Amino acid sequence: MSVLSGKRILLGVCGSIAAFKAVALASQLNQAGAEVTTILTKDAARFVTPLSFTSVTQQPAYIDLFTPDPGRILHIALAEKADLLAVIPATAHTLARLAQGLSDDLLTCTYLSTRAPVLVAPAMDGGMYSNAATQASLATLRDSGAHVVEPLEGRAASGLVAKGRMPEVDALIAEIRAVLGKNGSLSGKIVVVTAGGTQEPLDPVRYIGNRSSGKMGFALAEAARDCGARVVLIKAATTAPPPLGMTSVPVTTAADMQAAVNEHTAQADALIMAGAVADYRPETARDQKTKRTGDPLAIRLVENEDILAQVPRTLVKVGFAAETEDVLKNAEKKLTSKGADLIFANDVSHPESGFGADTNRVVVLSKDHSPEPLPLMAKSEVAAVILERVAALVQERSHA
Ligand code: CTP
């Protein structure tokens, strides 16, 4: 289940042209299973209407603080039932009102009343954003525990290019998920995830690679982030769009990946090796492009080190066994030879669990339990199950 599923999100929308993105955001949150109730400032309603939000969320959208709500006081009822108050977009004026505790409309009264986590996504021209007054409002809000979504450098609707542009919906959702998951089962823990396929150079233009899309590794990194972990994603070549809300370390070869894994696992609680690592590399990479000679060309390959095997057992070690035959027997060997706590075995010759698929069917192997086959699931669901197992082992280890 996604961290958004069943969550009650209060979406505060302010009077900025970026308010149009809030409609798409509300729609996507709703589709991901969140219950989204919207509060518009009166200026927000000049850009978008309450009807836009009720249409995509099937929940009420309010403007007026004094909306009659029989049997309860609206802003208190909204504040009490929220899992998150997300002010998107947040204008300079509303940031100042929130920071100063002004309570002159439904949004600000709800903000003062709620004990839910608060997220604000500033959206304005660069001059307004960098102004000392706005920065002081943001500093006050950060001090009081609010999560501030960093705006981007870019072209604002005015045509000015500066920092103040609100990130796109996918990035906003990643930030919302991270805030909702903050106190999750991996809160305060560091999880290193590898994803994608390594590339071993033959010459300046060619390499030996593999068909990894990165999708499984990305789903695992997102699931770890949604459990509250600080995630370091070590990313080799991928074709899928990378996840947000984590530190990303790009690598090319298996040796690069090994160096990055060793550096980042020094402080980590768990390593999940979803990366497709080349077992062999060309002994030498030529300095110049290889020319056709008319004769056969032999390339001598030498073995790369096993990254998972050489990582100390002090942290929780998780691997995959990508197999095309004898799946269980081969995966069991890997559990022992790599000193892994968990191995997830999958048959990569199957279209539903192979490279580039959106689904996966895995068998869980661990030292103390017999192999446990899981049903065919979306990679995001497989990732959530894997992270549950990882979190349990991390907890066990930290109490040992
Ligand atoms: N792995 C690793 N370092 C390598 C090769 C693989 O850490 N040099 C990791 C993979 O990320 C995966 C697990 O080990 O989590 C198993 O990878 P897989 O490709 O299935 O197996 P190999 O160890 O490469 O063995 P083989 O190719 O013989 O099946």
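Here, each number is a calculation from the coordinates, and none is a lab measurement. It should be emphasised that the depicted structure is a prediction, and the values quoted were computed from it without experimental measurement. Neighbour counts run over all protein chains shown; Cβ positions are idealised from the backbone, glycine included.
Structural remarks
- Two-site FRET efficiency, ARG8 against ASP295, from Cβ-Cβ distance with R₀ of 60 Å, rounded to 0.05: 0.30
- A crude spin-label estimate for the pair SER370 and ARG206, with each label 7 Å from Cα along the Cβ direction, gives 5.0 nm.
- In terms of overall dimensions, the C-alpha atoms belonging to the stretch 1-145 reach 39, 32, 30 Å along their principal axes, ordered largest to smallest.
- If the segment from LYS81 to ASP170 were pulled out straight at 0.36 nm per residue, it would be longer than the present Cα-Cα gap by 29.5 nm.
- Chymotrypsin sites (Phe, Trp or Tyr not before Pro) restricted to the stretch 39-142 and DSSP loop, no more than 13 other C-beta within 10 Å: PHE66
- Pairwise label distance in nanometres, ILE73 with LYS163, each label 7 Å out on the Cα-Cβ vector: 3.9 nm
- The chain: calculated mean residue ellipticity at 222 nm from DSSP helix runs of at least 4, using -39500 (n - 2.57): -10500 deg cm²/dmol
- Potential extension, GLU150-ASP104 segment - 0.36 nm per residue separation minus Cα distance: 13.9 nm
- Pairwise FRET efficiency - GLN58 versus VAL385, Cβ, R0 = 41 Å, nearest 0.05: 0.90
- The stretch 54-79 and the stretch 211-262: distance between their alpha carbon centers, rounded to Å: 41 Å
- Whole-number percent relative contact order across the chain, with pairs defined as alpha carbons under 8 Å at least 6 apart: 11 percent
- Residues considered: ILE39, ILE17, ILE176. Largest GNM mean-square fluctuation over the chain, using C-alpha springs under 10 Å, is found at ILE17.
- D (Stokes-Einstein, µm²/s), Kirkwood Cα radius, the stretch 170-239, 0.692 mPa s at 37 °C: 247 µm²/s
- Counted over all Cα-Cα pairs of the chain, pairs farther apart than 26 Å make up 59 percent.
- Convex hull volume per residue, computed on the Cα atoms of the stretch 279-400, equals 166 Å³.
- Bridge type composition, the chain - antiparallel percent by DSSP, nearest 5: 30 percent
- Share of pairwise Cα separations in the stretch 80-139, more than 19 Å, in percent: 27 percent
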